[in-house]
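*Asks:* Below you will find the structure I want to go over with you.
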Amino acid sequence: MAEFLEYMHGMGTDLLGPVWPLAWTVIKIAVLLAPVMFCVTYLTLAERRIIGFMQIRIGPNRVGPFGLLQPIADAVKLFVKETLIPEKADKVVFLLAPIITLGAALTAWAVIPFSPELILADINVGLLYVLAISSLGVYGLLMSGWASNSRYAFLGSLRSAAQMVSYEVSMGFTLIPVIMLSGSLSLKDVVAAQSGMWFVIPLFPMFVIYFISVVAETNRAPFDLPEAEAELVSGFATEYSAMSYGMFFLGEYANMLLVSTLGVLMFLGGWLPPVSWLGFIPGIIWFLIKLGVLLFAFLWIRATFPRYRYDQLMRLGWKVFLPFSLFWIFLTGTIIHLVGAV
Amino acid sequence: MLENYFPVLVLLAIAFGLGIVILAASYLAGIKRPNAVKRSQYECGFDPLTRIRLQFDVRYYLLAILFVVFDIEAAFLFPWAVAFRDIGFLGFVEMMLFLFILLVGYAYAWKKGALEWE
């Protein structure tokens with residue numbers, strides 16, 4: 001593998017000269033984005049199938065074997081639909097909103113390590129970068145609600161933005177004890193620091209709060225109030241059609257994948273095996289197993305719980321999670337000082 | 001150090017470019033038969049009666065202010081947590097004092113009902 005990369009580098013430099021680093025980066029990005037987009041599209045199918053089985057239905061199984069071509073059929077359908085722009089909408093902002101939502105959800109993947117070597121941009125403030133970029137997605141939602149010039153879209157986007165920023169705060173606070181234990185913002189170092197014990201064990205309450213917060217932050221059921229179709233039609237996406245509508249959902253699923261990946265890296269030891277004698281199985285397999293478990297939990301929650309009321313949602317975020325995670329930061333700091341350098 | 005950020009910039013360009021390409025492809029591939037009813041905004045089949053951008057609940061505004069306060073607090077906490085081992089007990093106490101002062105404001109907001117939604 002290393003020789004092959006050497007050979008590629010040599011040939012690329014001969015062929016393209018100074019442009020080669022750029023071309024090489026583009027190749028790496030394609031290798032990163034293709035599986036991400038693949039997972040995103042098949043996550044939609046997995047969701048419908050799994051929830052179907054949980055409700056003793058079959059789910060979509062007509063297109064291809066076991067319905068495996070369903071996401072492609074959905075994509076084709078969305079592409080050939082009419083792109084409607086409401087007459088009174090602010091056209092530029094209206095079209096910019098889905099681009100920002102999807103763009104932010106994809107850009108955050110730059111610093112995610114899949115194994116110690118498999119990382120696009122190894123920057124030392126990786127976690128900060130992921131939090132900063134992924135929170136840009138809220139601009140897309142606000143812009144869509146404002147630009148649609150529709151009552152439902154406006155209310156939906158306000159709710160959505162308020163919910164996202166509320167849970168972003170508690171999500172950020174739950175990650176601080178992880179940083180205190182690992183002493184680094186680089187996602188690679190955080191995983192390396194878990195070689196003795198996964199952080200989910202000492203910080204179990206933080207992991208639970210993190211997971212509930214990200215379910216709320218990605219606007220997933222049971223916190224899918226922005227799209228509560230009984231009261232707000234389709235929330236911020238009411239006026240969207242065709243692929244401009246599809247892009248919001250690509251963004252939502254990409255975000256779901258992103259926060260699950262972040263949870264695996266921060267709490268579940270990334271590519272590390274649970275016990276060292278299982279180390280013969282490659283790290284990427286462990287990574288995918290853990291990711292699958294978290295994503296399954298997302299769907300399981302959706303199939304199980306009824307929707308929250310908005311006041312309950314805000315109460316949970318601001319009056320329960322926020323004080324509790326602050327208290328846990330205090331507790332972690334005290335214990336580290338009592339025990340000495342852990 | 002700074003060259004580590006080069007792939008991030010390229011990915012940023014590609015991710016947003018991808019969005020534009022998808023939108024354009026959808027526009028080109030889709031049918032185009034707009035009419036006045038399709039192009040009006042959704043209002044259960046009626047013509048919209050009132051203006052949309054009238055007013056919204058002041059609590060969203062309060063929430064935004066609280067969010068700014070706590071998000072900046074989180075931004076302070078991240079570098080503090082990274083340096084936690086090096087700054088010793090004094091550094092820990094200082095940050096806890098800072099958090100305590102913020103908590104007083106938080107308790108005030110709670111008492112005043114800024115966190116209430118009915």
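*Asks:* When you scan the range A:61-80, do you find a residue that is at the interface with another protein chain (Cβ under 10 Å from one of its Cβ atoms) and either within 18 Å of the chain's Cα centre (by Cα) or basic (K, R) (or both), even just one?
*Replies:* no
*Asks:* Which of the residues that make up the range A:126-182 are within 8 Å of another protein chain (Cβ to nearest Cβ), within 19 Å of the chain's Cα centre (by Cα) and touching a residue at least 40 places away in the same chain (Cβ under 8 Å)?
*Replies:* A:L127, A:L128, A:A162, A:S166, A:E168, A:V169, A:G172, A:F173, A:I176
*Asks:* Now for a separate question. Within the set of pairs 6 or more residues apart or between chains, which connect a residue that is facing chain A (nearest Cβ under 7 Å) inside the range B:7-34 to a residue that is among the aromatic types (F, W, Y) and assigned to a helix (DSSP H, G or I) with Cβ atoms less than 6 Å apart?
*Replies:* B:S26/A:F79; B:A29/A:F79
*Asks:* Do any helices (runs of 4 or more DSSP H) entirely within the range A:1-116 hold 1 or more residues that are among the hydroxyl-bearing types (S, T, Y), and if so, which?
*Replies:* Working: elements: A:2-16, A:20-54, A:70-80, A:91-107.
Counting at least 1 such residues, we get A:2-16, A:20-54, A:91-107.
*Asks:* Next question. Determine, yes or no, whether A:E252 is touching a residue at least 24 places away in the same chain (Cβ under 8 Å) and either more than 12 Å from chain B (Cβ to nearest Cβ) or part of a helix (DSSP H, G or I) (or both).
*Replies:* Working: touching a residue at least 24 places away in the same chain (Cβ under 8 Å): yes; either more than 12 Å from chain B (Cβ to nearest Cβ) or part of a helix (DSSP H, G or I) (or both): yes.
When the stated conditions are applied, A:E252 passes them.
*Asks:* Now for a separate question. Taking the range A:125-141 only, how many residues are closer than 16 Å to A:M266 by Cβ and part of a loop (DSSP other than H, G, I, E, B)?
*Replies:* 1
*Asks:* Against the conditions (1) farther than 28 Å from A:I112 by Cβ; (2) more than 10 Å from chain B (Cβ to nearest Cβ), where does A:R315 fall short? Just the number, please.
*Replies:* (2)
Conditions (1) in contact with a Lys or Arg (Cβ under 8 Å, 6 or more places away or on another chain); (2) within 12 Å of chain B (Cβ to nearest Cβ); (3) within 27 Å of A:V264 (Cβ to Cβ), marked per residue:
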site	(1), (2), (3)
A:S184	no, yes, yes
A:A192	no, no, yes
A:F199	no, no, yes
A:F204	no, no, yes
A:V214	no, no, yes
A:N219	no, no, yes
A:E239	no, yes, no
A:A242	yes, yes, no
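Here's the yes/no breakdown for (1) in contact with an Asp or Glu (Cβ under 9 Å, 6 or more places away or on another chain); (2) in a helix (DSSP H, G or I); (3) modelled with pLDDT of 90 or more; (4) over 17 Å from A:F211 (Cα atoms):
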{"position": "A:I301", "(1), (2), (3), (4)": "no, yes, yes, no"}
{"position": "A:M314", "(1), (2), (3), (4)": "yes, yes, no, no"}
{"position": "A:F321", "(1), (2), (3), (4)": "no, yes, yes, no"}
{"position": "A:F330", "(1), (2), (3), (4)": "no, yes, yes, yes"}
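*Asks:* Select from the range A:252-271 the residues that are modelled with pLDDT under 90 and small (G, A, S) and list them in ascending order.
*Replies:* Scanning the range A:252-271 gives A:G269, A:G270.
*Asks:* Okay, next question. Check the range A:259-268 and report whether any residue there is β-branched (V, I, T), under 28 Å from A:A75 (Cβ atoms) and not in a helix (DSSP H, G or I).
*Replies:* Checking the range A:259-268: not a single residue is β-branched (V, I, T), under 28 Å from A:A75 (Cβ atoms) and not in a helix (DSSP H, G or I).
*Asks:* In addition: Residue check: is A:G270 surrounded by 18 or more Cβ atoms within 10 Å (Cβ to Cβ), of a type outside the set (S, T, Y) and under 30 Å from A:D189 (Cβ atoms)?
*Replies:* yes
*Asks:* Residue check, A:R49 against (1) surrounded by 17 or more Cβ atoms within 10 Å (Cβ to Cβ); (2) within 14 Å of chain B (Cβ to nearest Cβ), all met but one. Which one?
*Replies:* For A:R49, the exception is condition (2).
The values are calculated or read from the model by the stated rules, or taken from the named source; none is laboratory data. Note that this is a predicted model, so its numbers are computed, not measured. Every residue, glycine as well, gets a Cβ built from its backbone with ideal geometry; the counts of neighbours run over all protein chains shown.
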